[in-house]
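Read the structure below first, then the notes.
The values are calculated or read from the model by the stated rules, or taken from the named source; none is laboratory data. Everything numeric in this text was worked out from a predicted model, so none of it was measured. As a convention, Cβ positions derive from the backbone with ideal geometry for all residues, glycine included, and neighbour counts pool all protein chains shown.
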Amino acid sequence: MANPFLPREPGDVAALVRAYPLCWVVSGGADDRHATPLPLLAEPDETGGVASLLGHFARSNPQVAALECDPAATILCMGPQGYITPRLVSNPTWGPTWNYAVTRFDVDIRFAPEENDAALAQLAAALEADAPEPWTPARMGPRYDQLAQHIVAFHATVRAAHPRFKLGQDENDATFDEIVTGLADETLAGWMRRTRG
């Protein structure tokens, strides 16, 4: 039986990263575990899926030195999520659940200090895309050069992606409609509708 909790198309995973760019970058073993939350940009492949993720670390972060020795890492992206109460459903035997959309990426990190300026410009452009007058790094003036030398850009090449979009796909139509109609979290309800098709 096919897994009902897979995204409908590869572009759904890239859309998740765009909508929820703050991800955890986790690396190391039991004795030297590192985890850093960073905003990341999805770099698509030819199918619209995620080929790599672009971001930057503070050079002073000890995870940088650890990744230079061992570039393998896991990136965790948490999207919309929330508790689904049985109070939304007319079926008295229905139990509570938690809906969510997440993806775990197995990656290899490659540092690219020569791309610092481009990485910062791309991140600013993505995060400011909806602003009427988008902010750009150039507005910082000379202070930009002072701060930019303290970061290092990287590409996280995706070896494998493990998305799980548990958004009510296994519910019958009547129960699904009751949930999305009664759910106070409009963002979660929107992702549920999108995944349902």
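Filtering region 50-84 down to residues that are in contact (Cβ under 8 Å) with a residue 12 or more places away in the chain and either part of a helix (DSSP H, G or I) or in contact with a Gly (Cβ under 7 Å, 6 or more places away or on another chain) (or both), which residue is surrounded by the most Cβ atoms within 10 Å (Cβ to Cβ)? Give the derivation first.
We begin by selecting, within region 50-84, every residue in contact (Cβ under 8 Å) with a residue 12 or more places away in the chain; these are 50-64, 66-68, 70-84.
Remaining after also requiring either part of a helix (DSSP H, G or I) or in contact with a Gly (Cβ under 7 Å, 6 or more places away or on another chain) (or both): 62-64, 66-68.
Working: P62: 12, Q63: 21, V64: 18, A66: 18, L67: 24, E68: 11.
Filtering first and then ranking leaves L67.
Looking at region 135-163 only, could you name the residues that are surrounded by 13 or more Cβ atoms within 10 Å (Cβ to Cβ) and without any contact (Cβ under 8 Å) to a residue 12 or more places away in the chain?
M140, Y144
Can you tell me which residue in region 11-40 is nearest to A121 (Cα to Cα), limited to those that are assigned to a loop (DSSP other than H, G, I, E, B) and touching a residue at least 40 places away in the same chain (Cβ under 8 Å)? Talk me through it step by step, then tell me what you get.
Taking region 11-40 and keeping what is assigned to a loop (DSSP other than H, G, I, E, B), we get 20-21, 28-33, 40.
Keeping just the survivors that are touching a residue at least 40 places away in the same chain (Cβ under 8 Å) gives 20-21, 28, 40.
Values: Y20: 18, P21: 15, G28: 29, L40: 13 Å.
Once the filter is applied, the top-ranked residue is L40.
Within region 15-34, how many residues turn out to be farther than 14 Å from A156 by Cβ and hydrophobic (A, V, I, L, M, F, W, C)?
Of the residues in region 15-34, 5 are farther than 14 Å from A156 by Cβ and hydrophobic (A, V, I, L, M, F, W, C).
Quick one: in region 139-172, of everything that is among the basic types (K, R) and more than 21 Å from the chain's Cα centre (by Cα), which residue is farthest from N3 (Cα to Cα)?
So the first thing to find is which residues in region 139-172 are among the basic types (K, R), and the list is 139, 143, 159, 164, 166.
From what's left, more than 21 Å from the chain's Cα centre (by Cα): 139, 143.
Working: R139: 48, R143: 50 Å.
Looking at the filtered set, the residue picked out is R143.
Residues in region 7-34 that are surrounded by fewer than 15 Cβ atoms within 10 Å (Cβ to Cβ) and either in contact with a Leu (Cβ under 9 Å, 6 or more places away or on another chain) or not small (G, A, S) (or both): how many? Break it down stepwise before answering.
Initial filter on region 7-34 (surrounded by fewer than 15 Cβ atoms within 10 Å (Cβ to Cβ)): 8-9, 18-19, 22, 29-33.
Next, only the ones that are either in contact with a Leu (Cβ under 9 Å, 6 or more places away or on another chain) or not small (G, A, S) (or both) stay: 8-9, 18, 22, 31-33.
Within region 7-34, residues that are surrounded by fewer than 15 Cβ atoms within 10 Å (Cβ to Cβ) and either in contact with a Leu (Cβ under 9 Å, 6 or more places away or on another chain) or not small (G, A, S) (or both) number 7.
Filter region 120-137 down to residues that are out of contact with any Pro (no Cβ under 8 Å at 6 or more places or on another chain) and either in a loop (DSSP other than H, G, I, E, B) or at pLDDT 95 or above (or both), then give me how many there are. Spell out the reasoning first.
Step one: list which residues in region 120-137 are out of contact with any Pro (no Cβ under 8 Å at 6 or more places or on another chain), which gives 122, 129-137.
Then drop every residue that is not either in a loop (DSSP other than H, G, I, E, B) or at pLDDT 95 or above (or both), which leaves 122, 129-136.
Of the residues in that region, 9 qualify.
Scanning region 60-104 for residues that are charged (D, E, K, R) and closer than 21 Å to T157 by Cβ, which turns out nearest to the chain's Cα centre (by Cα)? Please lay out each step first, then the result.
Step one: list which residues in region 60-104 are charged (D, E, K, R), which gives 68, 70, 87, 104.
Filter once more, so that each one left must be closer than 21 Å to T157 by Cβ: 68, 70, 104.
Details: E68: 23, D70: 23, R104: 9 Å.
Once the filter is applied, the top-ranked residue is R104.
For the subset of region 35-49 comprising residues that are of a type in the set (A, V, I, L, M, F, W, C) and either over 13 Å from the mean Cα position of the chain (by Cα) or more than 25 Å from Q146 (Cβ to Cβ) (or both), which member is surrounded by the fewest Cβ atoms within 10 Å (Cβ to Cβ)?
First, the residues of region 35-49 that are of a type in the set (A, V, I, L, M, F, W, C): 35, 38, 40-42.
Among the residues that remain, those that are also either over 13 Å from the mean Cα position of the chain (by Cα) or more than 25 Å from Q146 (Cβ to Cβ) (or both) are: 35, 42.
Working: A35: 13, A42: 26.
Looking at the filtered set, the residue picked out is A35.
Out of T187, T175, report the one residue that is within 21 Å of the chain's Cα centre (by Cα) and assigned to a helix (DSSP H, G or I). Break it down stepwise before answering.
Numbers: T175 fails: within 21 Å of the chain's Cα centre (by Cα).
None of the others qualify; the one that does is T187.
Look at region 164-173 and say how many of its residues are in contact (Cβ under 8 Å) with a residue 24 or more places away in the chain and either under 27 Å from V25 (Cα atoms) or loosely packed, with under 11 Cβ neighbours inside 10 Å (or both). Before you say what the answer is, go through the steps one by one.
Going residue by residue through region 164-173, those that are in contact (Cβ under 8 Å) with a residue 24 or more places away in the chain are 164-170.
Of the ones still in play, those that are also either under 27 Å from V25 (Cα atoms) or loosely packed, with under 11 Cβ neighbours inside 10 Å (or both) are 164-167.
The total comes to 4.
Report yes if some residue within region 157-169 is part of a helix (DSSP H, G or I) and among the hydrophobic types (A, V, I, L, M, F, W, C); otherwise report no.
Going through region 157-169, the residues part of a helix (DSSP H, G or I) turn out to be none.
Among the residues of region 157-169, not one is part of a helix (DSSP H, G or I) and among the hydrophobic types (A, V, I, L, M, F, W, C), which makes the answer no.
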